[in-house]
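I'd like to ask some things about the structure below.
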Amino acid sequence: MPYIKVLIHYIWSTKNRENLITKELKPILLEHIKENSIKKGIFIDKLNCVSDHIHLLISLGTEQTIAKTAMLIKGESSFWINKEKKLRQKFEWQDEYIALSVSYAAIDKVRSYIRNQEEHHKMKTFSEEYEEFLKAHNLESVLAKAGNNY
């Protein structure tokens, strides 16, 4: 049996960065994502969200890919919100996402960053954060192709 430890920090936003994740929706959405991920064998180390985006720290399993894991969580959670009519309007996640590898040495820093999202976003918008992540990880070409869509 292979033993692996591949940590991925995922970030994605609501469609058009709409502020759809209300204070009422947030705790039940996060709990639902946790429960559904357990059923799918996805190990979430840490997750948190604010009104327009979510952060997750996930340890990938041997058969999991970055894309498939994001698709399973995004697709199922938006389907659940809409099926259960948790909002008056339709809920969608944006197609794009960031997935960054995390070294084991940096895990506590990433956990803290995810835990403190509300504080962090008092000083910085998601657009500013997203742009910084792309630049910090040499993904400026993604930003250039997207124009101002992020």
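Which residue out of ASN19, ASN36 is touching an Asp or Glu at 6+ places or on another chain (Cβ under 8 Å), surrounded by fewer than 19 Cβ atoms within 10 Å (Cβ to Cβ) and in a loop (DSSP other than H, G, I, E, B)?
So the residue among ASN19, ASN36 that is touching an Asp or Glu at 6+ places or on another chain (Cβ under 8 Å), surrounded by fewer than 19 Cβ atoms within 10 Å (Cβ to Cβ) and in a loop (DSSP other than H, G, I, E, B) is ASN19.
Which of the following residues is in contact with a strand residue (DSSP E or B) (Cβ under 6 Å, 6 or more places away or on another chain), surrounded by 11 or more Cβ atoms within 10 Å (Cβ to Cβ) and among the aliphatic types (A, V, I, L, M): ILE81, ILE114?
ILE114
Any residue that is more than 15 Å from the chain's Cα centre (by Cα), acidic (Asp, Glu) and either assigned to a loop (DSSP other than H, G, I, E, B) or at pLDDT 95 or above (or both) - is there at least one of those in segment 66-89?
yes
Taking the residues in segment 96-108 that are surrounded by 11 or more Cβ atoms within 10 Å (Cβ to Cβ) and out of contact with any Phe, Trp or Tyr (no Cβ under 6 Å at 6 or more places or on another chain) as candidates, determine which candidate is modelled with the lowest pLDDT. Can you show your working first?
First, pick out the residues of segment 96-108 that are surrounded by 11 or more Cβ atoms within 10 Å (Cβ to Cβ): 96-102, 106-107.
Those left that are additionally out of contact with any Phe, Trp or Tyr (no Cβ under 6 Å at 6 or more places or on another chain): 96, 100-102, 106-107.
Values: GLU96: 90, LEU100: 93, SER101: 95, VAL102: 96, ALA106: 95, ILE107: 96.
For segment 96-108, the residue satisfying everything is GLU96.
Go through (1) assigned to a helix (DSSP H, G or I); (2) basic (Lys, Arg); (3) under 27 Å from LEU134 (Cβ atoms) and name the single condition LYS46 misses.
(1)
Hey, LYS122 hits all of (1) assigned to a strand (DSSP E or B); (2) charged (D, E, K, R); (3) at pLDDT below 95 but one; which does it fall short on?
LYS122 satisfies every listed condition except (1).
Enumerate the pairs (first residue in segment 74-101 and without any contact (Cβ under 8 Å) to a residue 12 or more places away in the chain; second residue anywhere and outside any helix (DSSP H, G or I)) with beta-carbon separation below 7 Å, excluding pairs fewer than 6 apart on the same chain, so at least 6 apart or on different chains.
Short answer, once both residue conditions are applied: ASN82/LYS90; ASN82/PHE91.
Name the single residue that is nearest to VAL102 (Cα to Cα) among those in segment 127-147 being at pLDDT below 70 and in a helix (DSSP H, G or I).
My answer is PHE133.
Right, next: Taking the criterion of being of a type outside the set (Val, Ile, Thr) and without any contact (Cβ under 8 Å) to a residue 24 or more places away in the chain, would at least one residue in segment 5-13 satisfy it?
Let us first name the residues in segment 5-13 that are of a type outside the set (Val, Ile, Thr), namely 5, 7, 9-10, 12-13.
If we keep only those that are without any contact (Cβ under 8 Å) to a residue 24 or more places away in the chain as well, we get none.
Within segment 5-13, none of the residues are of a type outside the set (Val, Ile, Thr) and without any contact (Cβ under 8 Å) to a residue 24 or more places away in the chain.
Only one of SER59, SER13 is touching a helix residue (DSSP H, G or I) at 6+ places or on another chain (Cβ under 9 Å) and among the small types (Gly, Ala, Ser); which?
The match here is SER13.
Here's a follow-up. Being over 15 Å from LEU56 (Cβ atoms) and not in a helix (DSSP H, G or I) is the filter here; which residues of segment 97-115 pass it?
Correct list: SER103 only.
The values are calculated or read from the model by the stated rules, or taken from the named source; none is laboratory data. Source: prediction; values computed, not measured. No Cβ is skipped: glycine too gets one built from the backbone with ideal geometry, and neighbour counts run over all protein chains shown.
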